[in-house]
Amino acid sequence: MAEKKKINVGMIGHKFMGRLHNHAYTNVEAAFDIQSRPVKKVLCGIGDDVPETAKRWGWEEWSNDWEAVVARDDIDLIDIVAPSKLHKEIAIAAAEAGKHVFCEKPLAMNLQDAKEMVHAVQKASVVNTIGFNYRKTPAISLAKKLIDDGRLGRIFHFRGLYSQDWLVDPEFPLAWRLRESEAGAGSSWDLGAHVVDLARFLVGEIDEVIGSQMTFIKERPVAKIEDGLTAIAGDEMGIVDVDDATSFLAKFEAGAMGLFEMTRYGTGHKNENRIEIYGSKGGIIWPGFENQNQLYFYDAEDPDGERGFRRIQIGEGSHPYSSGWWPVGHNIGFGETFVHEVYDLLTAIDHKAEVSPSFVDGYKCQEILAAVDQSIAARSWVKVSEVGNL
């Protein structure tokens, strides 16, 4: 058997998202039959722990200089898991160097930067994808198939709730996700990006929005130490200048109504992303990552007296992505959705094809969230088409 082609990866970033992307490159070949195998060539990051992390994760080399990594002739794919404020600069440099690009969400710090990133990868004709890994959950992919097959009929309602509770404690430090200069926005971009992307993926484009936003605790202890998702409070206090919770109403182009809520104050929930979709022929409920391997489906065409939401246990061989994993009932976890992302990306590179979601999807998601921000400021409905265009 001929040796597989290699795709050399340079990954920029090595914290929470870096660990998940590393998991994906490590396991994708064991799960799926791929034409080209990823080679973990260079891990790049800032901090004294980069060399040890690279060794422990199995990367061939390490670096503190992302520009040098991007410029290397032996790197085929740049994976960006660095903070949001660095996405634009790295992605554009990678595209101009002819590298394929995998960038975590949100795509950029603002809509103009996102547009420039889209234009850069399009001009360079490189394969590009954004980290909307929730699309790659088998239950969501099955929901997409049911909708595309017409099993729900005409869609009337989309409801999306993303609830975490890690900010309920007022003593939690003012970490980077709570600073606009570092994160761009709060719950709206961090959590809302996933809900909006799922809405577009499952139901279609959004025409108009009106939103509301709150910052419940406006001052927090400034972090004296930050490391990924963890932080230790210092003695000084600082201002929280991003949203803690955002909700908005939406009108879809196809006529459906949308209800969205994202909060970091959902006491008791660590990572619930619940999706409900109701149509003329049926309904779908996905209970979120706390129960990611279940999908509830109501078929209005079932016989009278037998109707009701049925629980589909995800894992059958016919379910999307499930063939790469375990028998039904032997559930996959959060990390496997990143394996699916890398599998789709490598397949697209092999076939010189587009991959979904692309940078365009990242831009369109950010366009909707920018419209929500404008609607909050204006206290009125805002059409998405009037906010920006590619």
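Summing -39500 (n - 2.57) over the DSSP H runs of n ≥ 4 in the chain and dividing by its residue number, what mean residue ellipticity at 222 nm do you reach, to the nearest 500 deg cm²/dmol?
Result for the chain, helices only: -9500 deg cm²/dmol.
Could you point to the label whose value was computed as percent of Cα pairs over 29 Å apart for the structure here, given (i) 41; (ii) 45; (iii) 55?
Among (i) 41; (ii) 45; (iii) 55, the one derived from this structure is (ii).
How big is the convex hull of the Cα atoms of segment 206-329, per residue, in Å³?
192 Å³
Can you pull the one-decimal nm distance between simple spin-label points at Asn110 and Ser36, each 7 Å off the Cα toward Cβ?
3.5 nm
Grab the beta carbon distance between Gln122 and Ala68, set R0 = 25 Å, and tell me the FRET efficiency rounded to 0.05.
0.45
Classify segment 311-375 as rounded, prolate or oblate, taking a ≥ b ≥ c as the square roots of the eigenvalues of its Cα gyration tensor: rounded when a/c is under 1.5, otherwise prolate if a/b is larger than b/c and oblate if not.
oblate
Just the ratio, please: alpha-carbon radius of gyration of segment 257-390 over 2.2 N^0.38 Å, N its number of residues.
Cα Rg divided by the expected 2.2 N^0.38 Å: 1.34.
Mind checking the log10 I(q)/I(0) for segment 1-133 at q = 0.13, 0.20 Å⁻¹? Debye, one equal scatterer per Cα, no solvent, two decimals.
Each listed q corresponds, in turn, to -0.51, -1.19.
Given points 7 Å out from each Cα along the Cα-Cβ axis, report the Ile232 to Lys270 separation in nanometres with one decimal.
2.4 nm
In segment 115-192, what chymotrypsin sites (Phe, Trp or Tyr not before Pro) fall in a loop by DSSP, with at most 16 other Cβ atoms inside 10 Å?
When the chymotrypsin sites (Phe, Trp or Tyr not before Pro) of segment 115-192 are filtered for loop state and at most 16 Cβ neighbours within 10 Å, Trp166 remain.
For segment 18-64 and segment 132-165, what is the centre-to-centre distance using only Cα atoms, to the nearest Å?
For segment 18-64 versus segment 132-165, the Cα centre distance is 31 Å.
Distance from the Cα centre of segment 226-260 to that of segment 275-315, in angstrom?
Computed from Cα coordinates, the inter-centre distance equals 29 Å.
How large is the accessible surface of Thr267 in square angstrom, using a 1.4 angstrom probe and rounding to the nearest 10?
110 Å²
Which of the GluC sites (Glu not before Pro) found in segment 191-255 are loop residues per DSSP with 14 or fewer other Cβ atoms within 10 Å of their Cβ?
Glu205, Glu253
Quick one: compute the contact order of the chain, relative version, from alpha carbon pairs under 8 angstrom and 6+ residues apart, as a percent.
Reported relative contact order: 20 percent.
Could I have the simple spin-label model distance between Lys144 and Thr215, label points 7 Å from Cα toward Cβ, reported in nm to one decimal?
3.6 nm
Hey, any idea what Rg/Rh is for segment 171-244, computing Rh the Kirkwood way over Cα pairs?
In segment 171-244, Rg relative to Rh is 1.09.
Quote to one decimal, in nm, the extra length available between Ser280 and Lys85 on full extension: 0.36 nm per residue of separation minus the C-alpha distance between them.
Between Ser280 and Lys85, full extension yields 65.9 nm more.
Could you tell me which of rounded, prolate or oblate describes segment 213-252, using a ≥ b ≥ c as the square roots of the eigenvalues of the alpha-carbon gyration tensor, with rounded for a/c under 1.5 and, failing that, prolate when a/b is larger than b/c and oblate otherwise?
Oblate, because a/c is 1.5 or more while a/b does not exceed b/c.
Among DSSP bridges having both ends in the chain, what percentage is antiparallel? Round to the nearest 5.
Of those bridges, close to 60 percent are antiparallel.
Over 18 Å between C-alpha atoms is what I'm after, so list which of Lys4/Lys136; Lys5/Lys105; Lys6/Lys123; Lys40/Lys99; Lys5/Lys88; Lys105/Lys224 land there.
Flagged as over cut-off: Lys4/Lys136; Lys5/Lys105; Lys6/Lys123; Lys5/Lys88; Lys105/Lys224.
Given Cα pairs under 8 Å that are at least 6 residues apart, what percent is the relative contact order of segment 226-274?
Computed value for segment 226-274: 26 percent relative contact order.
Take each complete run of DSSP H in the chain, measure how far its Cα atoms stretch along the helix's own axis, and keep only those covering 18 Å or more with mean Kyte-Doolittle hydropathy at least -1.0; list them.
Membrane-span-like by this rule: 16-31, 111-124, 334-351, 359-378.
How many angstrom lie between the C-alpha centres of segment 89-120 and segment 179-217?
First find each Cα centre; the distance between them is then 20 Å.
Give the relative contact order (percent, whole number) for segment 102-256; include only Cα pairs under 8 Å separated by 6+ residues.
It rounds to 25 percent for segment 102-256.
Using 1/(1 + (r/R0)^6) with R0 = 35 angstrom and r between the beta carbons of Val328 and Glu253, what's the FRET efficiency to the nearest 0.05?
0.45
The values are calculated or read from the model by the stated rules, or taken from the named source; none is laboratory data. Since this is a predicted model, take the numbers as computed values, not measurements. Cβ: placed from backbone, ideal geometry, glycine included. Neighbour counts: every protein chain shown. Ligands, DNA and RNA are stripped out before the accessible areas are found, and what is left, the full protein with its side chains, is counted by its heavy atoms. Shrake-Rupley method; radii C 1.70, N 1.55, O 1.52, S 1.80 Å.
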